[in-house]
Amino acid sequence: MTSSAKAKNALELTDLSVAYRVAGRNRAVLRNLSLTIGQGEAYGLVGESGCGKSTVALTVVRYLPRNGSITGGAISLDGQDVMKLDAEALRRARAESVSMVYQDPGKALNPSIRVGRQLTEIFELGGVSGQAATDRAIAMLNRVRISDPVSVMQRYPHQLSGGMQQRVAIAMALANDPSMLILDEPTTGLDATVEAEVLDLIAQLRQELSASILFISHNLAVVSNMCDRVGVLYAGMLVEEGPTEVVFNDPRHPYTVALLRCLPRGGQRKDQGRLDTIPGFLPGIGTDIKGCAFADRCALADDRCRSELPPLYDLGGRLSRCFHHDKAQALPRATPSDVAAAPKAAAAPVLRVAGLNKTYASHGHALRAVKDVSLDLRPGETLGLVGESGSGKTTFARLLLGLVPPDEGGTIELEGKALAPRLENRSDDQIKAMQIVFQNPDSALNRSHSIRHLIGRALKRLAGLSGKALEARLNDLVRSVRLTDRHLAVKPRQLSGGLKQRVAIARAFAGDPRIVVCDEPTSALDVSVQAAILNLLADLQSKEDVSYIFISHDLAVVRYLSDKIAVLYLGRIMELGPSEDVFSGPHHPYTEALLSAVPKLDQTETARIRLDGEIPSATNPPSGCVFHTRCPRKIGPICEQQEPPLSEAQPGHSIRCHIPYAELARLQKAVVTEPA
Amino acid sequence: MSAVQSTSPVPDDTRRRGPLAEVFYSLLRSRTFLVGLAIVLFWVACALFGEHFAPYDPLADDIINALAPPSSEHWFGTDQIGRDVFSRVIVGSRDILTVAPLATLLATVAGTALGLITGYFRGLVDDVVSRILEAFMAIPVVIVALLAIVALGTSKTTVIVVIGLSFAPIIARTVRSAVLAERELDYVAAAQLRHESALHTMFVEILPNVIPPILVETTVRLGYAIFAVATLSFMGFGIQPPSPDWGLSISNNYGMIGGGFWWTVLFDALAIASLVIGVNLAADGVHGALND
């Protein structure tokens, strides 16, 4: 491409330092960061939130917020020194050579302008107008595999699904054939099935285009599937870098080692051992760091690590910023793995749900959010609820809790007694027996109240305690979720996400519940924090014999915690059975597709099953089997005409499919889906 | 209960200031707010201590010097019965600065309660109450004032009640929309899952979180209330003579402008304008500080 002998690198950061000015002081966010992305290379940047990943992306095009400034170093884009560009040249660079795709496509697209106009605008900036611009826009949408580009051009962003919006955002980013594409968590808000599609698209585009990619993600598995090389960022410093496969299979920095251990992998389950965690916290931005930034959280750290900044050791094609890089994998566990196996007696079900339905009226149509759901749950058991968004998981949970009244006819029985459909008509005992940990602690914890008030009020109302007894129980409860007295006086916003979620868990456990609904409790958390919360939930369960209804889109997390799985699609149970049976198969084709969509760290490339299109609207579900429109194993007209029954294929394992169990087993043997 | 894992330390940011302190500090950095506050405080000082530094007794007449133009003796001139306009302007802030804030307070309390109820219960309660409030908002303040005066007689209390009740629906509307958003948050569902009463949920759970929009609306309303009090006084419905109230003075003297005696009206008008501007600047500052 270039006439010079040495091809120019697409991006070169040299000793880059960036600081944000907060409360009158410059606080370092990136510290002497150097990295290089070659032509056509895909470079992944991983790390926990707050370590500076997004700042890197913004800095490349000098697009920092007003209080941010580059305090040192150089950025070179295609051999051009970005720091020396004047306003006009910078504008041209942003318009022509670098493109960005952000996490939330809904916010990246202008809600009041049609998709077509937003696309043609980009070509007009490049001097193409009229019909030519329209043609190129259509070509661009074709390129991102949008099947009906002409009609999509006429639509507004809100009329597209999340996956389609992200495709449009990618089309816009690619419009000017940029040499550098920056993807900042491009699939984080999407369902696993949609994520898989978008990642496939990016992988295909990589082969068609020459663009180099900077791929930022907290999801190690996604990066491992997408990138040639990966850099691990910690407290604004590069701590490890190397070819993706090498780094993830043979990490040489304790932080990378610890991060990888936090993930439930290889079908790990709660009764086989606890997940490892990373103790402590990321240093706050702007903290003075002497020595290794990770030393405070590292069990391998010695005096030298605390006083002297380790250099980036070159270990032959890979780098590690650790004095002990040779023995990084010997990092001792922060959390002992052993668990006391709780012997489980076959007790009577604590919860029994039969024929539960919920229909909403939506513009004159009936929207069946939950249809004919029956299941039961034993004490100390976890039921995992999985399915794409819109499958009715959360509605089902809210029906159980009484926050939403179900349609007439269905029954919910708690310990043998029928529950009133509405919360107001349930007794105090029934209410305290079923509690919830919400997905987003910022919404679930009243931001005006102190942690003491939040937990104390729950103890007062649910456990009926007051005075000294309340105080004593409060201290117990706080300790059992591993918070300390120091946390009690503060307001939720002064705590990190993981600590907030612990408060929410303490609150749910205040009245010694029989059942706790966990609605995606870890989806907003970093992996190290997620591991700690999952361990906590598992510990509390074995101690208190509480049952969980665990909703998550992360199948590895569901598998770790669940004894039983229910797979929901359009409000119907498609598959229900013991966790191991559902994961190991044979399973429903929908479950098969869900499992196949999950990006895996161990790159065992299997034939993948992709679901086409979106989950159909619940106001107008497909006839027959509701999954037939997307089913990769559809057998014929019977699927379109008759809804298959949820039939017990094996004791305790039911599948709603026309394909006989033995046939499913034979079909799926060919494709061994190994879950994450 | 044994801890399996060492307890996590409180992260650094617990040492950060609380949200209220943060708002306070950002107010102190806001030039708009400080200028507005200075103007308002100036008039508050006049209301409290005006008679001590006013050069003349604001009520003492001096017929011989009636309608004297501004001079070194009478900086703002004298009115038709020879009262010193400068002294009257200084002391004239007293009534307006008691009546307007009290009216605003009444409007805030009533409006907040109504907004919480309509926003929390939604449905039928909201439909009925909101329609009534809208009907109320459609009636001009002056008409309400006339009716109230017929019923209750002229007094400061009447003015406070009339303005307070006329502004309550406006505040209720602001509070309602804030409550509607809060109600969707999971902490309200969590309160229901503890069988909390509606009153507890409204006033202990939701109210503290809608204080910022209420504060902004209150400061904005205060500006309008000052204007409304002055208008009612001007029309003779509010504060009664011989109070040196600004609106009342303008009302008594505006017939003189034609005769060239502009000073009897101008300074009172400027006083009203400056107070309204001061309050609005402060309101702007509060709005900025709370929405940063």
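Laboratory data are not the source of any read-out in this text; all were calculated from the coordinates shown. This one's a predicted model, so the numbers in the text were calculated from it and none came from an experiment. Cβ placement follows ideal geometry from the backbone for every residue including glycine, while neighbour counts extend to all protein chains displayed.
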- Task: List the relative contact order of region A:122-226 as a percent without decimals, with contacts defined as Cα pairs under 8 Å and 6+ residues apart.
- Result: 26
- Item | Within region A:1-79, trypsin sites (Lys or Arg not before Pro) in DSSP loop having at most 11 other beta-carbon neighbours inside 10 Å | A:6, A:66
- Straight-line reach from residue A:8: which aspartates and glutamates have Cα under 15 Å away, leaving out those fewer than 8 places along the same chain? A:41, A:78, A:81
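Counting partner chain Cβ atoms within 10 Å of every residue's Cβ in A:418-431, what's the average? Let's see the in-between values first.
Values: counts 0, 0, 0, 0, 0, 4, 2, 0, 2, 1, 2, 0, 0, 4.
Per residue, the number of nearby Cβ atoms from other chains is 1 on average.
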- At q = 0.15, 0.19, 0.24 Å⁻¹, what base-10 log of I(q)/I(0) does the Debye formula yield for region A:252-330 when every alpha carbon is treated as an equal point scatterer in vacuo? -0.60, -0.87, -1.16
- Ranked from fewest to most other Cβ atoms within 10 Å of their own Cβ, A:543, A:491 fall in the order A:543, A:491
- Task: Specify which residue in the list A:260, A:93, A:125 is farthest towards the positive end of the charge dipole of the protein assembly as shown, using unit charges on the beta carbon of Lys, Arg (+1) and Asp, Glu (-1), about the Cα centre.
- Result: A:260
- How far apart, in nm, are the 7 Å Cα→Cβ label points at residue A:49 and residue A:95? 3.6
- Name all residues of region A:446-468 having a backbone nitrogen under 13 Å from the label point set 7 Å from the Cα of residue B:22 along its Cα→Cβ direction, giving them as ranges. A:447-448
- Task: Quick one: grab the alpha carbon gyration tensor of region B:19-61, order the square roots of its eigenvalues as a ≥ b ≥ c, and give me rounded if a/c is under 1.5, else prolate or oblate depending on whether a/b is larger than b/c.
- Result: prolate
- Item | Violating pairs (Cα-Cα greater than 18 angstrom) within the set A:358/A:393; A:371/A:634; A:270/A:543; A:432/A:460; A:270/A:327 | A:371/A:634; A:270/A:327
- Query: Which FRET efficiency value, to the nearest 0.05, do you get for residue A:638 and residue A:121 by plugging their Cβ-Cβ distance into 1/(1 + (r/R0)^6) with R0 = 51 Å?
  - Reply: 0.55
- Point-to-point label distance, residue A:135-residue A:21, nm (Cα→Cβ direction, 7 Å offset): 5.1
- Query: What average count of beta carbons from other chains do you get within 10 Å of the Cβ of residues in A:276-289?
  - Reply: 2
- Task: Calculate, axis by axis, the spread of Cα positions in region A:351-562 along the three principal axes, and write the results as whole Å, longest axis first.
- Result: 51, 36, 35
- Determine the dipole magnitude for chain A: charges of +1 sit on the beta-carbon of Lys and Arg, -1 on that of Asp and Glu, nothing else is charged, the reference point is the Cα centre, and the result goes in debye to the nearest 20. 1720
- Tabulate in residue order the Karplus-calculated ³J(HN,Hα) for region B:216-225, using 6.51 cos²θ - 1.76 cosθ + 1.60 with θ = phi - 60°, rounded to whole Hz; enter x for Gly and Pro. 4, 4, 4, 5, 5, 4, 4, x, 5, 5
- Arranged from highest to lowest average of other beta-carbon atoms within 10 Å per residue, in what order do the peptides A:492-505, A:649-662 appear? A:492-505, A:649-662
- Query: What average number of partner chain Cβ atoms lie no more than 10 Å from the Cβ of the residues making up A:438-448?
  - Reply: 5
- Taking N as the number of residues in region B:166-212, what is its alpha-carbon radius of gyration divided by 2.2 N^0.38 Å? 1.21
- Taking only Cα atoms of region B:113-247, the Rg to Rh ratio with Kirkwood Rh works out at 1.09
- Message: Which of the three applies to chain A, rounded, prolate or oblate, going by the alpha-carbon gyration tensor with a ≥ b ≥ c and a/c under 1.5 meaning rounded?
- Response: oblate
- Item | Cα lying deepest toward the dipole's positive end in the protein assembly as shown, options A:237, A:380, B:286, charges on Cβ | A:380
- Dipole of the protein assembly as shown, positive direction: furthest Cα of A:531, A:272, B:277, with charges on the beta-carbon: A:272
- Two-decimal ratio, region A:64-208, of alpha-carbon radius of gyration to 2.2 N^0.38 Å: 1.10
- Using only the Cα atoms of region A:567-670, build the gyration tensor, take square roots of its eigenvalues as a ≥ b ≥ c, and label the shape rounded, prolate or oblate: rounded if a/c is under 1.5, else prolate if a/b is larger than b/c, else oblate. oblate
- With label points built 7 Å along Cα→Cβ from the Cα atoms of residue A:663 and residue A:442, find their separation and express it in nm. 4.9
- Query: Sorted by average packing, counted as other Cβ atoms within 10 angstrom per residue and highest first, what order do A:230-242, A:147-159 take?
  - Reply: A:230-242, A:147-159
- Any idea what log10 I(q)/I(0) is at q = 0.08, 0.11, 0.14 Å⁻¹ for chain B, Debye with uniform C-alpha scatterers and no solvent? -0.47, -0.77, -1.06
